[in-house]
Structure formats: structure tokens, C-alpha cells
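Worksheet: the structure to be examined is printed underneath.
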Amino acid sequence: MIGLSVFGELMHGFSAVLEPMNLLWAILGVTLGMLVGILPGIGPALTIALLLPITFNFSDPIGAFIMFAGIYYGAMYGGSTTSILINTPGESASVATAIEGHKMALKGRARAALATAAIGSFVAGTISTVLLTFVAKPIGNLASHFQATDYFAITLLAMVAVTAIIGHSLVRGLLSLVVGLFIGLIGLDSLSGAPRYTFGTLRLLDGIDVVIVIVGLFAIGETLHVASKLRSTPERPAVLEKGRLRTGYLNKSDWGRSWKPWLRGTALGFPFGAIPSGGAEVPTFLSYSIERRQARKKGHDEFGEGAIEGVAGPEAANNASFSGVLVPLLTLGLPTSATAAVMLAAFQIFNVQPGPQLFEDESTLVWTLIASLYIGNLILLIMNLPLIQIWVQVLKVPRPLLYAGILVFACLGVYSLSGSGYEVLMALVIGVVGFFMRKLDFPIAPVVLGVILGPAMEEQFRRSLVISNGDASVFVTRPLSAVIIVLTVLALFVPYLPRIVARLRGTQPTHDRLTFGEDD
Amino acid sequence: MKILVGYVPTPEGEAALTAAATEAELRGASILLLNTSRGDAYIDARYANADELAAAEAKLREHGVEVTIQQAVSEGDVAGALLKAAAAEDVGLIVLGLRRRSPVGKLILGSTAQRVLLESPVPVLAVKVPSPHD
């Protein structure tokens, strides 16, 4: 009776998440997520990176994970707000929403657009959490049959696939990945204990703390990057039409046109979140184009002038992708987006090892986390619509004050870790490197994946070789590993699919290469 | 001669606009309307949209005054933008709307009006929003 035991454990999780303290973390998390979602340039990865050092002082990791998860999906809710009201996506996951959402707002249907985004997010968030609830443990059990070679292959797949799909240039992405892998190598060799790349200094013997790399790249580097583009013509948010709370601002035809895109968006978002595709960008754009095609087929094509389907679908997709991201993160310890990589670092801080064992060893933590998703989605739905005018006020904050505050907070956080100026300096140097990487169009998500997954991958690689007595063919003779390695190679070609398809059809490609922005 | 009015789509801005129109009629001057924003926040209600600028222009034309409209984001320095416009355009009078500020708010963000009052080489007419009792 798998179903029943899952239900029982979920109920156990609910009872834990409804404790006042955990509920408070959930509310704090989703509120923060909402705010950073609204602010363009500041995303969940940056926010979680900023809060990572503080969580070192938590006695109980559950609160930290509830908060981090809340930030992640809260940002998905918030991102749509700026997309719709001022045509500036708050997050990369909301770029597709801006296309139709802002047109709706200009036509005086801002509230309907916000409502279909929020309700769609809730529906998708809840359905995908149900999927997560029932899928996670079986996949975890499946994963317990994995051997070292499989782990090596799947880690490689995650790194390469995410790198291939993010950014404008594959070569730059791979270079970023190599930088990350290199940083991960610094310190003592885990098997032999020999110092590597320490340049004879004792400081580097422990390696560079993942948290310092993350704070440096995401908090300091990203902030410098957005701050360097400081001046912009201010926008006026679209005026909200008068609406009644009782009907949820959607009229009957809106509901009729929204529910199918919500479900289709969920169906896209969840699996795409679970495979290494960089998070929410791919499914949101897929959902957008599917909804447009559906509308064309039916003949009432409003796309280009504010079609509600174009908001409902992508917004459902980006929220569903979050639960999808949690599947490999919890069951395999595999991050499929930059934000997930930062969350994985949080797991490592608390010495919680995600993977097949997680559901046995830390079942309270996992189920409380999953239960918090149900609660958090509900809180967001309640907070989102009636308070929209208040959320928008954060956009009035003068950006110099905001960025200065983030930088101070980042340095303070790093200092609180070690109490030494050396670590702060290191974070600042990494931040400046991150800034120039962004300036020169090098994606930074692969660096973080490299730093976090690199050491794990190396360990599995060497363990495999030890087991096989140094025979490297083990990676291709075990069918599962071989298949995953083939997939890894194929993943390199995914961005060039449009060109390949066009070549096969004998037509000119419309886009040279699929590109997706940095997941932030 | 020209009269420079610092316009924002708020009651203070409207008060300044009215005063500028009256003054321009009196002196037979034309008006240079400047609307600007520090441009450091994502939304700024003081950066007028097309409708508001058109309404302001119509209001001035009603008074039979000639209007030139300038709108640009000033690099964090609204007072500087006003003073620069005044120097470049042979302006004889600057009209500004004043609003009540808390001492702390002035400490953190400074006061545009105060800087213009102190640094302008030409006379400045500072206008308050008429209180509802008048």
C-alpha cells in the first residue's frame, strides 16, 4: 500500500509544517520570494545565496528549507506581476508572460491577467506538488539501484545539459563549467589527501567554501551586473481595472479559456523541471507556443493583442517546473537549474545528503518540505491578488539603495561565516570575476553547477575506477551508464535542433540556435 | 524671455503649471516645460506619460501661451537637470512646486527644490498646493 503510506507521511509533514515556527518560515519565504520575483534583476538564486550564510546558525534545517523553497516558487508568482504591469519580466521564467500579459494590461484587463497568472500558478503548483508527492519516493527507490558509474554519468548529464541550453554560446558555457570544476578541485584530494591547486598556502587547503563562491557569483557579481545598468526610463504601471474580489476578477469566459492552458502548462512544466533543462524557461516558451497554436486552430486567435491563454499557460508552467525541479534534487541530489544548485549547497551545509537515502534518513524533513509547498501555494494565492498594489510599491525603491544594501548584506553574511576578512575578500574577488563574466556574456550557472557537482562527480568517477581496477570501459559497458552518456553527448546538440530540423526539411532556419537566458 | 516650469503629474506639479501659465500671460513669455525623473527606480509616477504631457500642454495653450516640452531621464540629478535647462535656454524665471518633506527624507534623498532655490542664477517662483480651506 504505497499510496496509503505516502498519505500518512504527508499528513505527518502537514502536522510539522503547521507548527507556528515552520508556518512563519513558510510565510517569510513566500513573501521574500514574491518581492524578489517582482524586482527585475534580483532572483531566487541571489536571494537564497544571500541567506545561505545566515542559515548556518539554524539549529533545525527544516525551517531553512521551507523558507528557501518558498523563495523559489514565490518568485514565480511575483515574476508575472512586473511582466504584466510594466512589461519588464521580474524573472527569466516570466518572459513569455510579458508578451500577452502586458498587452492585456494595456487593454484594461490587468486584473484578469494577474488573476489568471496567480490562480494558474496555484493550480499548477498544487497539482505538481501532488505529482511530486507520489513520484518522489518511487524514483528514490529506483535510484537506490544506481551504481557509481551511473551517478557519474547522470551528474555529467546534468552539468552538460544545463550548460548547453543556457546562454548564447555553447563554448562560453562550457568554459564557465570548466572554471567551476576547477574551483571545485582546489583543496585536499578526497581520496589520497594530497593538496591540489593550493599554491602552497594553508588557506586553500580546505578548498574554497561553496557558500563563498555562491555569494560571490550570485549576490555580489549579479548585483554589480544589474547595478551597472542602473539608469532606465521609469515605467508607469498599467492601471488596474475595477474588479470584484468575489469572482476572482475573472469572468466566465476567462475561466473557460484559462483552465485548459493551466493544465497543459502544468503538464509541460513538471517534466521539464525534472530533466536538466535549466528550470522554467524552456517549458514557459513551449507552453506559450502551444497555446498560440491551439488558439489558431480554434479560430479565435487573440494572440498579439492580449490573449489570456498566453498568460495562463506559461505561468502555470513555471510554477509546475518548481515541483519538477525538486524531483531530481531530492531523489538524486541533482540540481537542474541554478537556483536548485544553490539549494543543493544548503543541503550540504546541513549535512543532509539528498538522494535515495533521504526518504529513509530524513523523512520528516522531506515530507515537511513537501507539505510546506501546499501551504505556501495557498498563502501566495491569498496574498497575491488583494495586495497587488502593495507589492508593486517595491518597484519604487531607488535602486542604488537596494543594491548597496544587498552588497553590504552579502559581505556581512560571508564575514559571519568565518569572522575573517580573508573570506570576504575572496567573495569580493569572485564577485568581480562574476561581474566580468556576465558583462562578457559568460553564463554563471554552469560555474555553480561545476563547483557543487564537480567534487561529487570526481568521487563517483574514481570510485568506479577503483571498483573496476582502473578499467575505464565500465562507463560504457554498463547499459544504464552508457545510455546516459549518449544522452549527454546528444544534449550538446539540443540548442542546434532548429537548424538541424530546418536543414533536414531543406528550408532556411528561422533561428540559428535555441537560446535561453540565465535562470535567475 | 522664457519661463521654465518643472512639471510633475501631481498636485504640486499642477499648481506650478497654473502659476507658470499666469506668469507667462502677464509677462508675455513662452514656457519651457521640463519633466524628468532620477531614473533609478523601475516605476516613477513623477515621470509623466504621453497623456499627462498632452493635458499639460493643452492647459497652457488655453492661456494662449507658447509651450516647448522637454522630457528626459536625468542621471540621478533632477535639480541639476532643471538648472542646466535654465542656463541653456535663456530662461528668466523658474517655477517649481513645493511639497512638505520630513527632515529625515531630506537628509537621505536631498531636496530638489532647495537646491534649485539656492543655485539658480535667475529668480525662482516656488508654489504650494492651495490648501482645501482656501
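Quick note: the coordinates plus some simple rules give every number you see, no bench work behind them. Note that the structure is a prediction, hence the values are computed from the model and not measured. Glycine also receives a Cβ, built like all others from the backbone with ideal geometry; neighbour counts cover every protein chain displayed.
From the backbone phi of the stretch A:127-134, what are the Karplus-calculated ³J(HN,Hα) couplings (6.51 cos²θ - 1.76 cosθ + 1.60, θ = phi - 60°) in whole Hz, Gly and Pro given as x?
Rounded to whole hertz, the list is 4, 6, 5, 4, 4, 4, 4, 8.
If you plug each phi of the stretch A:82-95 into the Karplus form 6.51 cos²θ - 1.76 cosθ + 1.60 with θ = phi - 60°, what whole-Hz ³J(HN,Hα) values come out, in order, with x for Gly and Pro?
5, 4, 6, 7, 10, 6, 10, x, x, 9, 4, 6, 10, 4
If each residue's Cβ is checked for other Cβ atoms within 10 Å, how do A:E302, B:E66 rank with the fewest at the top? Don't jump to the answer; show the numbers that get you there.
On the way: A:E302 17, B:E66 12.
Lowest to highest Cβ neighbour count: B:E66, A:E302.
Within the stretch A:1-65, which chymotrypsin sites (Phe, Trp or Tyr not before Pro) sit in a loop by DSSP and count at most 16 neighbouring Cβ atoms inside 10 Å?
Answer in residue order: A:F56, A:F58.
Among the lysines, select those whose C-alpha is under 19 Å from the C-alpha of A:K107, and discard any that sit fewer than 8 residues away in the same chain.
A:K242, A:K252
Give the average, rounded to an integer, of partner chain Cβ atoms located within 10 angstrom of each Cβ in A:396-403.
Details: counts 5, 4, 8, 5, 4, 4, 2, 1.
The mean count of partner-chain Cβ atoms within 10 Å per residue comes to 4.
Quick one: A:R257, B:R46, fewest Cβ neighbours within 10 Å first, how do they rank? Intermediate results must be reported in sequence, preceding the final value.
On the way: A:R257 20, B:R46 16.
With the sparsest Cβ surroundings first, the list reads B:R46, A:R257.
Using modelled amide H (1.01 Å from N, peptide plane; none on Pro or chain starts), what sits under 5 Å from the amide H of B:K128, excluding residues fewer than 5 places away?
B:L98
What ranking of A:F218, A:F436 emerges when the number of other C-beta atoms within 10 Å of each C-beta is taken as an exposure proxy, fewest first?
On the way: A:F218 31, A:F436 12.
Listed from fewest to most nearby Cβ atoms, that is A:F436, A:F218.
Relative to the longest principal Cα axis of chain A, at what angle does helix A:421-439 sit, 0 to 90 degrees, rounded to 10?
60
Give the residue from A:L46, A:V392, A:F461 lying farthest towards the positive end of the charge dipole for the stretch A:2-505; charges sit on Cβ (+1 for Lys and Arg, -1 for Asp and Glu) and the dipole is referred to the Cα centre.
About the Cα centre, the residue reaching furthest to the positive side is A:V392.
Go from 0 up to the bin containing the longest alpha carbon distance in the protein assembly as shown, width 10 Å each, and give me the % of pairs per bin.
3, 14, 23, 23, 17, 11, 6, 2, 1, 0
Excluding residues fewer than 8 places away in the same chain, name every one of the lysines whose C-alpha is closer than 18 Å to that of B:K128.
Within the straight-line cut-off, B:K128 pairs with B:K106.
Filter the cross-link list A:K297/A:K439; A:K396/B:K84; A:K103/B:K59 down to pairs whose alpha-carbon distance in this structure exceeds 32 Å. If you can, show how the numbers build up before the last one.
On the way: A:K297/A:K439 42 Å; A:K396/B:K84 26 Å; A:K103/B:K59 30 Å.
Beyond 32 Å: A:K297/A:K439.
By a straight-distance test (C-alpha under 17 Å), which lysines pair with A:K298 as possible cross-link partners, with residues fewer than eight away in the same chain excluded?
A:K260
With bins 10 Å wide starting at 0, give me the P(r) of the stretch A:423-488 over every alpha carbon pair, in whole percents.
Percent of pairs per bin, in order: 18, 32, 23, 20, 7.
Within the stretch A:431-462, find all residues whose amide N lies under 19 Å from a label point positioned 7 Å from the Cα of A:S190 along Cα-to-beta-carbon.
A:447-462
Any idea what the alpha-carbon Rg over 2.2 N^0.38 Å comes to for the stretch A:121-209?
On the way: Rg = 18.8 Å, N = 89, 2.2 N^0.38 = 12.1 Å.
Normalised Rg, Cα atoms only: 1.56.
Work through the residues other than A:D471 whose Cβ is under 14 Å from its Cβ and net out their charges, Lys, Arg +1 and Asp, Glu -1.
+3
Taking amide H positions as placed 1.01 Å from N in the peptide plane, with prolines and chain starts having none, which residues 5 or more places from A:I166, or on another chain, fall under 5 Å of its amide H?
Amide H to amide H, under 5 Å and 5 or more residues apart or across chains, A:I166 pairs with nothing.
Please list, in order along the stretch B:27-38, the HN-Hα scalar couplings obtained from phi with the Karplus expression 6.51 cos²θ - 1.76 cosθ + 1.60 (θ = phi - 60°), rounded to whole Hz, x for Gly and Pro.
9, x, 9, 9, 10, 10, 9, 10, 10, 8, 9, 4
I want to verify a result. In a Gaussian network model of chain B, Cα cutoff 10 Å, which of these has the top mean-square fluctuation: B:V104, B:V116, B:V67?
So, out of B:V104, B:V116, B:V67, the one fluctuating most is B:V104.
Once you put a point 7 Å from the Cα of A:L480 and another 7 Å from the Cα of A:Y422, both along the Cβ direction, what distance in nm separates them?
Using points 7 Å along Cα→Cβ, the separation is 4.2 nm.
Quick one: check the C-alpha center-to-center distance for the stretch B:72-93 versus the stretch A:49-77, whole angstrom.
Their Cα centres are 47 Å away from one another.
Quickly work out the A:A472-to-B:Q70 label distance, labels modelled 7 Å from Cα along the C-beta direction, and quote it in nm with one decimal.
6.9
Which three lengths, in whole Å and largest first, does the stretch A:1-160 cover when its Cα atoms are put on their principal axes?
Largest first, the stretch A:1-160 extends 54, 41, 37 Å along its Cα principal axes.
May I have the extent of the alpha carbons of the stretch B:2-128 along their three principal axes, as whole Å values ordered from largest to smallest?
40, 32, 26
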